[in-house]
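A quick write-up on the structure given underneath.
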Amino acid sequence: MKTYVARRLLALIPVILVVATVAFVLIHLAPGDPASIIAGPDASPDDVARIQRQLGLDAPFHVQLFRWYGRLARGDLGQSIFLRRPVLEAIVDRAEPTILLTLYATLIAVTLGVPAGVVAARHHDGTADLGLLLILVFSVRLGWFPVAGYVPLESGWLGTLRSLTLPAFALGVVQSALIARIARSAMLDVLREPFITAGRARGLSERAVVYKHALKNAMIPTITVIGISLAILISGSVIVEQVFNIPGLGRLIISAVLRRDYPVIQGVVLCIAGIYMLVNLAVDLSYVVFDPRVRYQ
């Protein structure tokens with residue numbers, strides 16, 4: 001197991017390098033540059049060129065790219081052009097609401113999706129713009145939750161939970177449908193297996209057959225889609241943070257794109273890519289828990 005994990009972690013290095021290169025190239029190919037935004041619309045070409053020299057943007061493309069590689073090798077994501085602080089520091093400051101929102105949304109998606117899929121499988125022969133709508137009903141009309149904003153953990157976990165409930169529900173309920181569909185399909189396949197028929201023949205209760213034996217065997221495809229959903233929810237948080245005015249990574253990267261803050265864009269993209277890969281690794285390792293036959297060498 002340790003050897004497998006070490007190999008997977010080492011395999012992250014070339015992937016991170018590819019992501020860093022693609023992000024750097026695409027950002028620098030996009031029209032506009034931070035020097036023009038800093039100088040303003042009335043600036044002369046000389047003013048823009050002077051700011052480009054100060055920011056190091058006048059260097060040839062390949063020189064800027066290798067400087068970026070050098071900083072990455074030292075664990076340095078660079079300095080934000082507009083925030084005037086280290087990119088890593090800016091990301092850490094904005095990470096808390098995004099991480100909590102994503103985990104909360106995942107919890108909602110799993111809590112709704114897995115039981116719905118199991119129930120749909122057991123009774124498969126029977127009948128068994130969201131963010132703004134939630135704000136209108138539960139915040140404006142009922143006053144149960146804040147309209148927008150974020151309460152940090154240091155101000156109390158209850159306030160944090162309350163400020164994230166509506167955005168997490170807006171994110172999670174969509175993914176719960178996908179999780180329910182996969183859980184239902186996996187459960188139907190398992191419920192047709194001979195060992196399920198044998199369990200029922202031995203007199204096991206339907207609850208024991210479904211929840212103790214069938215569900216555990218159906219969890220591998222379900223866990224896989226939960227991991228995929230977690231990655232999708234991180235991306236979806238960009239839009240939800242805008243709607244609910246949450247100061248997370250989504251709003252950070254949008255403001256960076258609008259101002260062409262290259263180091264921040266590159267740093268956030270790199271961090272999100274790293275999270276995706278670690279989630280995939282965690283999903284692979286979780287297979288051992290649900291299926292003892294799985295072995296990693």
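Of all residues in the range 196-213, those that are within 17 Å of Phe290 (Cβ to Cβ) and open to solvent by 90 Å² or more (accessible area, probe 1.4 Å) total 2. Does Ala20 satisfy the criteria of being of a type in the set (Gly, Ala, Ser) and in a loop (DSSP other than H, G, I, E, B)? No.
Based on this model, can you work out whether Ala282 counts as open to solvent by 40 Å² or more (accessible area, probe 1.4 Å) and among the small types (Gly, Ala, Ser)? It is true that Ala282 is open to solvent by 40 Å² or more (accessible area, probe 1.4 Å) and among the small types (Gly, Ala, Ser).
Among the conditions (1) modelled with pLDDT of 80 or more; (2) open to solvent by less than 50 Å² (accessible area, probe 1.4 Å), Ile275 misses just one, which is (2). For the range 72-93, the set of residues classified as open to solvent by 70 Å² or more (accessible area, probe 1.4 Å) and among the basic types (Lys, Arg) consists of Arg74, Arg84, listed by residue number. Applying a threshold of 8 Å to beta carbon distances and a minimum spacing of six or more residues, or different chains, the list of pairs starting in the range 60-85 at a residue that is closer than 20 Å to Ile16 by Cβ and ending at one that is polar (S, T, N, Q) and open to solvent by less than 70 Å² (accessible area, probe 1.4 Å) reads Leu65/Thr21; Trp68/Gln266; Leu77/Gln266; Gly78/Gln266. In the range 4-20 there is no residue that is over 27 Å from the mean Cα position of the chain (by Cα), among the aliphatic types (A, V, I, L, M) and surrounded by 12 or more Cβ atoms within 10 Å (Cβ to Cβ).
The values are calculated or read from the model by the stated rules, or taken from the named source; none is laboratory data. This one's a predicted model, so the numbers in the text were calculated from it and none came from an experiment. All Cβ positions, glycine included, derive from the backbone under ideal geometry; neighbour counts span all protein chains shown. Heads up: the accessible areas ignore ligands, DNA and RNA and are worked out on the full protein's heavy atoms, side chains in. Shrake-Rupley method; radii C 1.70, N 1.55, O 1.52, S 1.80 Å.
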